[in-house]
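S.K.: Starting off with a structure, shown below.
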Amino acid sequence: MDESTDDQFYTSPRFVNHIDDYAIAALKNYYEQTLPHRGRILDLCSSWVSHFSPELDEAVSKKELQVTGVGMNKRELEANQSLTDFIVRDLNTVDNPCQGFKPGYDAVTCVVSIDYMTKPLELLRAVHEVTAPGGRIHLAISNRCFPTKAVGRWLKLDEDQRLNMVGDYLWFSGWKDPEIITLKDVGGWTDPLWIVTAVKAKDTGKGEL
Ligand SMILES: C[S@@+](CC[C@H](N)C(=O)[O-])C[C@H]1O[C@@H](n2cnc3c(N)ncnc32)[C@H](O)[C@@H]1O
């Protein structure tokens with residue numbers, strides 16, 4: 001609905017949580033079990049929180065884990081204790097969203113934000129390029145959003161259709177084995193939370209099937 005560039009919408013920092021405490025707890029637990037505790041992680045559409053577990057944050061403070069955030073608001077990113085560095089970039093307007101990123105990320109995260117990406121295939125293809133073979137992407141999805149900034153199709157679909165659409169985003173941008181994981185289902189009064197995840201194929205040297 002709002003066709004203006006995203007920098008206007010995100011000028012002022014929002015030091016709020018976009019999912020409730022139950023969803024955050026489920027996400028932290030998932031991250032603790034699935035994210036590498038060494039190496040490099042790219043947190044797309046990052047803000048003042050990344051919802052990493054205390055163990056992951058400890059790995060960051062011990063410099064065993066490097067976490068690069070990319071987002072729109074400098075003050076939010078500066079406040080994010082899970083990040084080791086950050087880049088302020090509008091991922092919707094640049095020609096190559098990952099230009100200048102050091103390749104070899106071991107994992108990629110993106111929390112409740114893929115719905116704001118207007119060129120998801122280009123973005124996810126570029127992210128695939130800079131991810132190490134065997135690296136996994138985790139797109140966390142709930143059912144709240146800034147409706148004026150979400151892509152139009154998001155608002156026309158129900159939850160299942162959105163998850164499948166995001167799985168398609170990953171598949172058609174080169175990621176393998178897309179999977180939808182339910183961390184908290186709809187129902188009750190708490191926020192639902194799903195992860196759409198996929199992996200960058202390891203180079204077997206045998207060509208692609
Ligand atoms: C709903 S918030 C989620 C923030 C954070 N991932 C979290 O879980 O709290 C949406 C985030 O997407 C980022 N974002 C929105 N549009 C963007 C764009 N075009 N390029 C880069 N980041 C964007 C904003 O900076 C904002 O932090």
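FYI, it's all coordinate maths here, none of it is from the lab. Predicted model only: the values in this text are computed from it and were never measured. Glycine gets a Cβ as well: all are built from the backbone with ideal geometry, and neighbour counts include every protein chain shown.
S.K.: Only residues of the range 43-65 count here: report those whose backbone N is under 12 Å from the spot 7 Å along Cα→Cβ of Lys102, or say none.
M.R.: The answer is 65, whose backbone nitrogens lie closer than 12 Å to the label point.
S.K.: Rank-order 142-153, 113-124 by packing density, defined as the average count of other C-beta atoms within 10 Å over each peptide's residues, highest first.
M.R.: The packing order, highest mean first, is 113-124, 142-153.
S.K.: Under a point-charge model restricted to the Cβ atoms of Lys and Arg (+1) and Asp and Glu (-1), what is the dipole moment magnitude of the chain relative to its Cα centre, in debye to the nearest 20?
M.R.: Its charge dipole is roughly 400 debye.
S.K.: Under the classification rounded if a/c is under 1.5, otherwise prolate if a/b is larger than b/c and oblate if not, where does the range 6-199 fall, given a ≥ b ≥ c as square roots of the Cα gyration tensor eigenvalues?
M.R.: Cα axes put the range 6-199 in the rounded bin.
S.K.: If you don't mind, another one. Using a basic spin-label model with each label point 7 Å from the Cα along Cα→Cβ, how many nm lie between Gln161 and Asp95?
M.R.: Modelled inter-label distance: 3.6 nm.
S.K.: Going by average Cβ neighbours within 10 Å, how do the peptides 40-50, 18-28 rank, with the highest at the top?
M.R.: 40-50, 18-28
S.K.: Which cross-chain or sequence-distant (5 or more) residues have an amide H under 5 Å from the amide H of Gln66, H modelled 1.01 Å from N in plane?
M.R.: Amide H neighbours of Gln66, under 5 Å, 5+ apart: Gly39, Arg40, Ile41.
S.K.: Work out the count of Lys pairs in the range 6-199 where the Cα-Cα distance is under 23 Å, with the pair 8 or more places apart or on different chains.
M.R.: The number of close lysine pairs in the range 6-199 is 15.
S.K.: Kindly rank 125-133, 160-168 from highest to lowest mean number of other beta carbons found within 10 Å of each residue.
M.R.: 125-133, 160-168
S.K.: Please report the spacing between the Cα centers of the range 164-184 and the range 115-139 in Å, no decimals.
M.R.: One Cα centre to the other: 11 Å.
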